[in-house]
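Inspection log for the structure reproduced underneath, given as structure tokens.
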Amino acid sequence: MNGRIYAHEFKEHRKQRPRNVPMPSVNEKLWEDFDQYFIGRGLDPDLAQFNEWYPSTDAGDAAPRVVIPCSNSLGRVYWQARLLPHLVLPDHEYKRYQSAHTDRAESVVITWPEDRLTPVPHGVVLVEGPFDALAASTAGWTGVALMGDKPPPECIEYVVRIFRTSEVWRVVPDRDCPKLGAQVVRALAMLGKKARLVDVRPYKDMAAIPEGARRGFLHSYSD
């Protein structure tokens, strides 16, 4: 993922007044396709459902999408919705991501491993996209997607506030955007959190790392 994927958010929402918007409705007929999509990417559809992700054709257009709820301190409804490309005809052009038509403010995507009752089991992993965050959670970490390579500064501040007791932090930028990793590590340091920068090479991003190798990537940097 790169800045181009999320650039529309900043154009569309920069001048909008904050307001609440509804969550897209669930399309019950798409659950099987939902599962197949996650399995095809080496991700766990049950973990996605555990984190309240769901299929919809009501996320800004009629395209089949995975709706991904976001978190912020204001309790404002915000979401992203990822296109399910295998269900779309080649001659249909849809945005890869849709998002709620309101100010995102400090919103981020948080994904929990299924043992979330144990506070932050391995630590916190900051990544660029929601599927990268989910990949981190398949390895037992709490994932935080900043939703693009230019997240508002308040996003980092919000993450540090809610995970203030965690002392183990990783930052995993996409391979084509190492600058984001350095910026996030520096921002965390200014807020009193020491983070390790993880190099995903030879893979494209956290989600592209094979499931069996993700834990090793995140644990190979000692604290």
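Listed by first and then second residue, the pairs linking a residue in region 40-55 that is within 11 Å of residue 135 (Cα to Cα) to a residue that is of a type in the set (S, T, N, Q) and part of a strand (DSSP E or B), with Cβ atoms under 9 Å apart and 6 or more places separating them unless they lie on different chains, are 47/111; 48/111. Residues in region 194-223 that are out of contact with any Leu (no Cβ under 8 Å at 6 or more places or on another chain), of a type outside the set (Asp, Glu) and under 20 Å from residue 149 (Cα atoms): 10 in all.
Among residues that are part of a loop (DSSP other than H, G, I, E, B) and either of a type in the set (Gly, Ala, Ser) or buried (at least 17 other Cβ atoms within 10 Å of the Cβ) (or both), residue 82 is not included. Residue count for region 48-61 satisfying the condition of being crowded, with 19+ Cβ neighbours inside 10 Å, of a type outside the set (Gly, Ala, Ser) and not in a strand (DSSP E or B): 2. Among the criteria (1) at pLDDT 95 or above; (2) within 29 Å of residue 179 (Cβ to Cβ); (3) among the aliphatic types (A, V, I, L, M), the one residue 67 does not fulfil is (2).
Among the residues of region 187-222, those that are charged (D, E, K, R) and either surrounded by 12 or more Cβ atoms within 10 Å (Cβ to Cβ) or assigned by TED's automatic domain parsing to the domain that holds residue 39 (or both) comprise 193, 196, 199, 204, 205, 211, 214, 215. Just one of the numbered conditions (1) assigned by TED's automatic domain parsing to the domain that holds residue 181; (2) modelled with pLDDT under 90; (3) of a type outside the set (S, T, N, Q); (4) under 18 Å from the mean Cα position of the chain (by Cα) is not true of residue 115; which one? Of (1) assigned by TED's automatic domain parsing to the domain that holds residue 181; (2) modelled with pLDDT under 90; (3) of a type outside the set (S, T, N, Q); (4) under 18 Å from the mean Cα position of the chain (by Cα), only one is false for residue 115: (4).
The values are calculated or read from the model by the stated rules, or taken from the named source; none is laboratory data. This is a predicted model, so every value here is computed, not measured. Counting neighbours? That spans all protein chains shown, and the Cβs are built from the backbone with ideal geometry, glycine included.
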